[in-house]
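Notes to accompany the following structure.
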Amino acid sequence: MAVQLYYGICLALALLNVVLVCFSGRMQNVYRLLLTVSVLIGNVGYFSRSISMAVEPSLYSMKLVYVAGCFVPLFIFLLTANICGLKLPKIFRLVLTLLSIVVICFSSTIGHLNIFYDNYELVIEDGIPHLYREYGWAHSLVFFLIGLYTILCIGIVFFALSHQNIASYKTAAVVGVVIVGAFTIYALERTFTLPIEIMPLYLTTCSYIFFFLTNRLNMYDINESKINSSTQNEDYGCIILDRKKNYMSANHLAKKYFPKLASYNIDYPIRLRDEDKDDERYEIISWLNSSNPGDPEVPKKFSVAGRVFRFKIRNLKRGNYQYGYLLEFNDITKDERYVDMIERYNNDLQEEVKEQTAHISTIKDMLVMGMASMVDSRDNSTGGHIRRTADVVLIFAQRLLLEDLGDGYSFTKDFLNQVVKAAPMHDLGKIAVKDEVLTKKGKYTPAEYAEMKKHPAEGAKIVRSILTGVEDDDFVNIAENVAHYHHEKWNGEGYPEGLKKEEIPVEARIMALADVFDALVSKRYYKDAYSYDVAFGIIQDSLGSHFDPELGKVFIKCRRELEGLYDYYKDHGDDANEAVERRKVFGSGLLEVEKIA
């Protein structure tokens with residue numbers, strides 16, 4: 001019973017292996033399935049022979065054993081070639097298969113002819129059947145077949161061990177041990193009479209070993225692994241490493257752009273060689289060795305032979321088990337060229353827009369100064385006043401940029417630039433004032449003064465209508481405030497809104513000082529020009545009532561520059577043709593403002 005139990009266990013294990021192979025996922029390797037089925041057939045033969053108490057059933061059992069004995073070595077050989085990365089010619093595989101079938105055909109003559117078994121006898125000893133046989137000449141083909149497959153398998157294993165860039169040396173070594181062990185057991189059983197045969201258990205064990213070996217290789221096989229459908233994409237490259245970061249395999253694109261992969265040994269770590277350190281391609285190896293590929297990484301780019309690739313690392317898992325890493329990269333050359341084209345187009349477009357905007361801004365400035373000239377044609381002091389106050393604001397802004405006025409007075413270069421640009425627009429509202437009021441030489445009546453006080457609000461409307469859609473909103477608001485509130489006073493007694501202190505926009509407070517200063521030192525219909533002493537004295541006395549006291553103190557510090565500016569006016573005039581030269585002399589350029597002609 002112990003003998004039957006032994007063969008029964010071998011049969012059960014062989015059947016279990018068939019189930020494992022069939023339900024381990026898609027059929028990655030047909031040779032593995034054929035091997036497990038052949039081992040199962042052989043174990044059926046061994047088990048049935050152990051319980052056969054008659055000659056005829058025992059002979060049929062032996063025929064099953066020989067089916068397995070001829071096919072198992074064949075499929076082990078084909079699996080060995082497959083595992084070691086060798087592709088055998090179809091004609092070679094066909095010849096070996098036919099040779100095995102021929103030997104099986106000879107074995108089927110058992111019980112009918114004496115060419116395979118010359119003689120046989122069934123003996124029952126202690127309830128255990130033993131089939132004693134004498135071999136005929138055809139049985140020598142079995143020895144030849146097993147010897148042939150053993151030699152072929154060992155040759156493949158030695159080839160794989162000497163070409164470790166084709167196959168894993170670990171796998172090849174295991175296969176070699178399995179084959180040598182099988183041949184050794186077969187030779188022992190032919191030489192010595194043993195109470196039970198070891199081969200059924202050994203072959204069953206071998207089928208399990210090949211099951212796990214092929215499973216491991218399939219995990220790292222580019223064509224078989226469930227990595228990504230894009231592995232078939234000609235723009236997709238990938239390199240597979242095991243969980244210890246040993247090189248396992250790579251697809252055709254990876255080998256094309258990383259030719260040194262051909263020299264990397266399977267199951268060995270990828271090392272960065274000295275000659276590779278300046279090669280952009282192999283930076284990914286140092287990146288891999290210096291980081292944890294399991295952590296999320298920002299994809300990196302590298303270029304090879306004029307092509308651009310995006311590279312990243314991700315984990316390879318089966319369920320919760322991580323068995324390796326995937327180094328994948330995509331050829332994004334077309335995308336990069338498209339992005340470059342878009343960027344160049346955008347840059348060209350931005351330059352064109354910038355040029356057009358500058359052109360529109362120039363036209364706007366000309367329009368503003370043209371309107372100032374129109375006012376000048378009605379009031380022979382206003383046109384020059386607009387240009388002079390613009391220069392005064394520039395000098396004042398340069399000083400403000402250098403002063404620290406404390407809380408509430410933080411001036412940026414951009415803001416002061418905008419105030420300087422807005423200054424020429426502060427009196428444009430006078431274009432809406434009636435001629436008889438604007439050109440009157442005497443003192444205004446209350447009605448005429450009320451008419452004159454309309455010009456700030458009218459100016460604000462004109463400025464907004466001119467600038468909206470041409471300038472940004474910040475500048476529109478600053479220019480509108482300068483025009484609208486430059487006649488407001490610190491004590492609230494100004495017009496048109498009667499604002500006081502910080503209620504008055506700071507740009508309007510700056511403009512108020514420049515506006516009044518020019519009115520004081522310039523000749524008007526109703527007065528002569530005041531001296532510099534008198535003008536600065538009036539401004540000093542008006543700090544805290546008419547003017548912002550802090551801004552006024554800074555304005556007074558500009559006295560030397562302002563006197564030089566107005567002395568220049570006396571010698572050269574203040575018409576439009578002199579404006580650029582005037583700025584060269586008195587504008588230090590700290591604000592880098594656009595020159596206003």
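Some observations on this one:
- The C-alpha atoms of region 407-557 occupy a region whose extents along the principal axes are 41, 36, 24 Å, arranged from largest to smallest.
- Around the Cα centre of region 1-101, unit charges on the Cβ atoms of Lys, Arg, Asp and Glu (plus for the first two, minus for the last two) sum to a dipole of about 380 debye.
- Residues with amide H under 5 Å from that of residue 135, placed H, sequence gap 5 or more: 118
- In sequence order, calculated HN-Hα J values of region 551-567 (Karplus, 6.51, -1.76, 1.60; Hz; x Gly/Pro): 5, x, 4, 5, 4, 5, 5, 8, 3, 4, 5, 5, 4, x, 4, 6, 5
- The peptide list 254-266, 168-180, put in order of mean Cβ contacts within 10 Å with the highest first, becomes 168-180, 254-266.
- Under 5 Å between amide hydrogens, built in the peptide plane, is the criterion, and for residue 547 it picks out 490 among residues at least 5 positions away or on other chains.
- Which of 449, 220 is most accessible, then next, and so on - probe 1.4 Å: 449, 220
- Each residue was assigned an accessible area with a 1.4 Å probe, and for residue 321 the value is about 110 Å².
- Heavy atoms of residue 267 accessible to a 1.4 Å probe, total area in Å² rounded to 10: 10
- Using θ = phi - 60° and Karplus 6.51 cos²θ - 1.76 cosθ + 1.60, couplings along region 33-40 (whole Hz; Gly, Pro as x): 5, 5, 5, 5, 5, 5, 5, 4
- A simple rule links phi to the HN-Hα coupling: the Karplus curve 6.51 cos²θ - 1.76 cosθ + 1.60 with θ = phi - 60°, which for region 69-76 gives x, 8, 8, 4, x, 4, 6, 5 Hz, with x for Gly and Pro.
- Ordering of 188-201, 424-437 by packing is 424-437, 188-201, highest average first (other Cβ atoms within 10 Å, averaged per residue).
- In straight-distance terms, cross-link reach from residue 90 covers every one of the lysines whose alpha-carbon lies under 29 Å from its own, apart from those fewer than eight places away in the same chain; here that gives 63, 170, 226, 255, 256.
- Per-q log10 I(q)/I(0), region 310-367, q = 0.12, 0.19, 0.27 Å⁻¹ (Debye; single scatterer per alpha-carbon; no solvent): -0.58, -0.80, -0.99
- Normalised radius of gyration (Cα atoms, divided by 2.2 N^0.38 Å) for region 42-155: 1.21.
The values are calculated or read from the model by the stated rules, or taken from the named source; none is laboratory data. Every value quoted in this text rests on a predicted model; they were computed, and no experiment measured them. When we count neighbours, we look across all protein chains shown, and the Cβ atoms used for this are built from the backbone with ideal geometry, even at glycine. Remember, those area values only see protein heavy atoms, side chains included, never the ligands or the DNA or RNA. Shrake-Rupley method; radii C 1.70, N 1.55, O 1.52, S 1.80 Å.
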